[in-house]
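So the structure is just underneath, and the comments pick up after that.
Throughout, read-outs are computed from the coordinates displayed, never taken from laboratory work. Here the structure is a predicted model, which is why all the values come from computation and not from measurement. Neighbour counts are summed over all protein chains in view; Cβ atoms, including those assigned to glycine, are modelled from backbone coordinates with ideal geometry.
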Amino acid sequence: MRRVREILRDRFEEGLGHKSIALRVGAAPSMVRETLRRVEIAGLSWPLGDDVSDAVLEAALYKSSGTKTGHRRSAEPVWAHFHRELKRKHVTLQILWDEYIGLHPDGYRYSRYCDLYRGWALKLPVTMRQDHVAGEKLFVDYAGDTVTVVIDRLTGKTRQAHLRRESPQG
């Protein structure tokens with residue numbers, strides 16, 4: 001609050017501009033502008049009265065700070081549910097969006113839906129610690145339902161093979 005008082009003093013006693021005040025108090029000009037805007041909205045005037053303590057000044061300038069300014073206009077999907085569903089085989093965001101839009105016809109369009117999901121997913125922890133002994137396990141990346149396997153190098157005969165996951169015990 002000391003900086004706010006300095007900003008007010010420089011502005012109203014010395015008549016300095018935003019940039020000059022910013023240099024004096026060591027802040028960005030945008031911060032000075034925002035502080036003066038908040039003072040105007042709060043209806044405060046310089047000099048501040050003796051009854052205006054730092055706590056009162058802070059409450060007057062930042063009473064709405066930390067509150068959500070807006071709300072989403074459409075029904076918010078349960079992202080945790082969709083995240084779990086995406087782990088199932090052959091489930092895509094498109095399929096989940098089709099179900100969502102069927103329940104909420106005025107809901108988010110597909111691109112916004114995907115943006116919101118990806119924003120939510122970015123907040124999830126992405127690390128997983130795996131302790132394993134070398135040679136004890138085999139890790140295979142997902143290759144789809146089937147893969148094409150070359151059987152005979154000379155003739156080039158191929159066939160489809162199914163991958164299956166083996167447990168370490170056999």
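Per-residue ellipticity at 222 nm from helix content only, as computed over the chain with -39500 (n - 2.57) for each DSSP H run of at least four residues, stands at -13000 deg cm²/dmol. In order along segment 119-135, phi translates into HN-Hα couplings of x, 5, 5, 5, 7, 7, x, 10, 9, 9, 8, 10, 9, 8, 8, 4, x Hz, rounded to whole numbers, per the Karplus curve 6.51 cos²θ - 1.76 cosθ + 1.60 with θ = phi - 60° and x for Gly and Pro. Loop sites here are chymotrypsin sites (Phe, Trp or Tyr not before Pro) outside DSSP states H, G, I, E and B with no more than 15 other Cβ atoms within 10 Å. The longest part of the chain free of them is 1-138.
Under the criterion of Cα pairs below 8 Å and six or more residues apart, the relative contact order for the chain equals 11 percent. Computed extension length for S74-D54: 3.2 nm, one decimal, from 0.36 nm per residue of separation with the Cα-Cα distance subtracted. Between the residues I101, H90, L116, the greatest Cα displacement towards the positive end of the dipole of segment 79-122, with unit charges on the Cβ of Lys, Arg, Asp and Glu, is found for H90. Exposed loop sites, defined as GluC sites (Glu not before Pro) outside DSSP H, G, I, E and B with at most 16 other Cβ atoms within 10 Å, are absent from the longest region of the chain, namely 15-135. Using the Cβ-Cβ distance between I41 and S20 with R0 set to 25 Å, the FRET efficiency works out to roughly 0.65. Suppose R0 equals 41 Å; then what is the FRET efficiency for R3 and K137 from their Cβ-Cβ distance, rounded to the nearest 0.05? Step by step, r from the Cβ atoms, then E = 0.10.
Consider the candidate values (1) 49, 33, 10; (2) 39, 15, 13; (3) 62, 23, 16; state which one is semi-axes √(5λ) of the Cα gyration tensor in Å computed from the structure displayed. Entry (3).
With the cut-off at under 18 Å, measuring from each backbone N in segment 75-104 to a point 7 Å along the Cα-to-Cβ line of L122 picks out 79-80, 83. Rounded to the nearest Å, what's the spacing between the alpha carbon centres of segment 99-142 and segment 1-57? Just the number, please. Taking the Cα centre of segment 1-57 as reference, the centre of segment 99-142 is 46 Å away.
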